[in-house]
Amino acid sequence: QVQLVESGGGLVQAGGSLRLSCAASGSIFSIDVIGWWRQAPGKQRDLVASITSSGRTNYADSVKGRFTISRDNAKNTVYLQMNSLKPEDTAVYYCNLRPPRLEVWGQGTLVTVSS
């Protein structure tokens with residue numbers, strides 16, 4: 001049973017950057033797809049980006065060109081580089097397998113973008 005722990009969130013001004021990390025308790029080498037989701041207050045949790053074991057990526061339209069997902073199998077970690085942040089990117093960010101598994105959801109990491 002893999003466990004994923006998110007980190008790297010914080011407060012940043014609009015236009016700034018953050019890099020989120022998703023550290024796995026075990027090997028992610030055999031995990032086909034890992035994704036980053038986010039949930040803003042009062043809204044549903046939406047998929048932001050995902051990456052396959054072969055490195056193929058997929059992004060929500062709202063973050064294309066600004067966010068980059070990557071994975072380091074040797075470090076069992078998935079990253080989300082977020083550039084040109086906007087206030088509407090404010091949310092709690094989570095990582096999970098895709099499709100997500102209920103038991104894998106963690107506490108997430110809060111990203112707050114001030115205008």
Check: the chain dipole with +1 on Lys, Arg Cβ and -1 on Asp, Glu Cβ, in debye: 120
Debye equation applied to the C-alpha atoms of the chain, log10 I(q)/I(0) at 0.11, 0.15, 0.21 Å⁻¹: -0.31, -0.58, -1.14
Inter-part distance where region 19-72 and region 98-115 are each reduced to a Cα centre, Å: 10
Carbon/sulfur fraction of accessible area - region 1-91, other protein chains in place, 1.4 Å, %: 46
Charge context of residue 27, other residues only, Cβ under 14 angstrom, K/R +1, D/E -1: 0
Accessible area (Å², per residue) of region 10-115, counting only protein heavy atoms and a probe of 1.4 Å: 53
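The values are calculated or read from the model by the stated rules, or taken from the named source; none is laboratory data. Just so we're clear, the structure is a prediction, and the values are computed from it rather than from any experiment. Counting neighbours? That spans all protein chains shown, and the Cβs are built from the backbone with ideal geometry, glycine included. Areas reflect the complete protein model, heavy atoms only, side chains present, ligands, DNA and RNA absent. Shrake-Rupley method; radii C 1.70, N 1.55, O 1.52, S 1.80 Å.
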